[in-house]
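Beneath this line is the structure, given in structure tokens, with notes to follow.
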Amino acid sequence: MGAVVMLTSGFGPGLSPHPGPLLKGTGGARRILVMPVDEARVAALERFHAAAKTRILRVFPGQGSVQVLELSAGEPIEEALASYRASGLVRFAEPDYAVSAAGLLPSDPHFQDGTQWSLNNYGQSSGLPDADIDGPEAWDVRWSASNVVVAIVDTGVRHTHEDLAGNMWRNPADNTPGFNGLTGGHDPWDDNGHGTHLAGIIGAVGDNGLGIAGVAWRVQIMACKFLDSTGNGYNSDAISCIEFARTNGANIINLSWGGPDYSDAVSNALWFARRDGIVVVAAAGNNAANTDLIPFYPAGIRLDNIVAAGASTRLDGVWILSNYGVASVDLFAPGAAIYSTANTGDSAYVSQDGSSMASACVAGACALLRAQEPALPPAGLIGRLLAAVDKKPAFANKCASGGRLNLRRALDRPAITALPNASPFELLVTGAPQHWYVIEATTNLATWSAVQTNRTDAFGAWTFTDPPLTSQPLRFYRAGPGP
Ligand code: CA
Ligand code: CA
């Protein structure tokens, strides 16, 4: 009896060719890996880094707190390794041979200086290492959603901004970047700032050496204005924006606003969006309230294409004013001290707090996921997002998923395929380079157990042999993101 390979839960049919490692920014980038001797000497090690002008790029908390370090300019890598080895503070120090293991680090200055903790939190500014959405690891898998249109139904967007202009949607009819529900025209200029800030979070142009990196480095931002310069507006104008977005090709709609009053008309507009396969991301609101008891709409509308996001902090806590609710909030995402594009100038940036920012972060994640899974219905796409969260104590009993967005886990779906004529039986797992995956097996399609956890090579491949197979009549396999 032969083995059966089953590809389950959205894993691609068969082997999809992987483009190979994306080796970006390797020119001149010199990184090393060190592991602290023990917890007690981490502080001394940090002083050693400061003296050496070394910067911590990333910490692997589950793996002995291995640190990825960037050396100061001009320091020979061999000398740096020798001095760390001689310091008595590290178990090992080695070159970071596989650049992609540290993820894809874009050239945007405010990503590189650590301001964008939501994408890569290595403990900067007293944050908790890895309280982030794992941006660099996710971008190893996918950083472009260039075919995906994200409509921001809000105060408009400063579409001339240096870090947004390249990612604006353009109306094929007149080259305008959106719609204005207040005037009925096509000029969505932002006279408030809220929408421009959301736009940068979702899709500021990544790796362009300017400003920040959006969650999606390439995407099409459709600006739909209905909130006035004070940030207020009417449901009717929101509906005309939602209709413009729906009938002009939006794949994702971001709604970072709301109130206590349920609207049948808004609900109806979003039902049509659902029918057309549009994912709607909505902010949970900023009243520090349990929205299971005190509802907030449109986030609280019960449609399976709406995902409601609360705001989390750099310590992986619930932001102090964020709403929450097991039945009404789906997940948390970074929404405090979020640095993004400002409407005050084409090179202006500003930091803001709120579930609005969390919603935009989730909308950017949905854009990348939609680029990867063009045919997945909205509920399936949202399900992928919620299954991939990092569950943390602070979010348990505060939202349906019990966790905070993790973009890598959402995107990182390895393909698994049987190698023909191999004896013993072999499987090939292909995914992102140097990523950890777990293979699970079952004989009854009900109970799955992990049979191996391993890391792909520099080309994203890993061959797996299953020795016990000879004693099993039939086995099914699947692969998913590892630890
Ligand atoms: Ca991380
Ligand atoms: Ca940028």
Helix 194-203 sits off the longest principal axis of the Cα atoms of the chain, rounded to the nearest 10 on a 0 to 90 degree scale, by 30
Helix 355-372: inclination vs the chain longest Cα principal axis, degrees, rounded to 10, gives 60
For segment 326-414, the Cα convex hull volume per residue in Å³ comes to 116
Shape call for the chain, from the Cα gyration tensor axes a ≥ b ≥ c (a/c under 1.5 means rounded, otherwise prolate when a/b beats b/c, else oblate), comes out oblate
The ³J(HN,Hα) series, computed from each phi in segment 218-223 with the Karplus coefficients 6.51, -1.76 and 1.60 at θ = phi - 60°, rounded to the nearest Hz and given as x for glycine or proline, is 10, 6, 10, 8, 9, 8
Rounded to whole angstrom, the alpha-carbon centroid of segment 239-295 lies from that of segment 330-375 at a distance of 16
Checking rank on 371-380, 74-83, with mean other Cβ inside 10 Å and highest first, the result is 371-380, 74-83
Given 395-407, 187-199, the highest-first ranking by average Cβ count within 10 Å works out to 187-199, 395-407
Residues meeting the amide H criterion for Phe92 (H placed from the backbone, H to H distance under 5 Å, 5 or more places apart or on another chain) are Met35
Contact order relative to length for the chain, counting C-alpha pairs under 8 Å separated by 6 or more residues, stands in percent at 16
For His435, other-chain or 5+-apart residues with amide H closer than 5 Å (H placed, Pro excluded) are Thr456
Counting only residues 5 or more apart in sequence or on a different chain, those whose built amide H sits under 5 Å from that of Trp319 are Ala311, Ser312, Thr313
To the nearest 10 degrees, the tilt of helix 42-52 (Cα long axis) against the first principal axis of the alpha carbons of the chain is 80
note: segment 46-156, Cα-Cα separations exceeding 19 Å make up a percent value of 53
Cys residues of the chain with no disulfide-compatible partner (no other Cys Cβ under 4.7 Å) are Cys361, Cys366, Cys399
Computed over segment 24-96, the relative contact order (Cα-Cα under 8 Å, seq sep at least six) in percent reads 45
Sequence order, segment 299-309: Karplus ³J(HN,Hα) from phi using 6.51 cos²θ - 1.76 cosθ + 1.60, θ = phi - 60°, Hz rounded, Gly and Pro as x, gives 4, x, 5, 8, 10, 7, 9, 10, 10, 9, 10
Rounded to the nearest 500, the 222 nm mean residue ellipticity computed for the chain from DSSP H runs (n ≥ 4, each -39500 (n - 2.57)) alone is -6000 deg cm²/dmol
Most packed first (mean Cβ within 10 Å per residue), the peptides 282-290, 120-128 order as 282-290, 120-128
Extend 7 Å from the Cα of Phe60 along its Cα-to-C-beta direction; within segment 111-151, residues with backbone N under 19 Å of that point are 120-123, 129-141
For the pair Thr463 and Gln124, the simple spin-label estimate (label points 7 Å beyond Cα toward Cβ) gives in nm 4.2
Answer check: segment 24-96, Cα atoms, Kirkwood Rh, Rg/Rh ratio of 0.94
Under the Karplus relation with 6.51, -1.76 and 1.60 and θ = phi - 60°, whole-Hz ³J(HN,Hα) for segment 115-131, x at Gly and Pro, equal 4, 7, 4, 4, 8, 8, 9, 10, x, 5, 6, 6, x, 9, x, 6, 7
Stokes-Einstein D for segment 160-244 (20 °C, 1.002 mPa s, Kirkwood Rh from Cα pairs), in µm²/s, comes to 162
Taking every DSSP bridge whose two residues both lie in segment 109-401, the antiparallel percent to the nearest 5 is 20
Segment 45-143: relative contact order from alpha carbon pairs under 8 Å, six or more residues apart, as a whole percent, is 22
For Val350, Val281, Val149, Val389, ascending order of other Cβ atoms within 10 Å (fewest first) is Val350, Val149, Val389, Val281
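Readers should treat all values here as calculations from the given coordinates under stated rules, not as data from a laboratory. Bear in mind the structure is a predicted one, so any value in this text is a computation, not a measurement. As a convention, Cβ positions derive from the backbone with ideal geometry for all residues, glycine included, and neighbour counts pool all protein chains shown.
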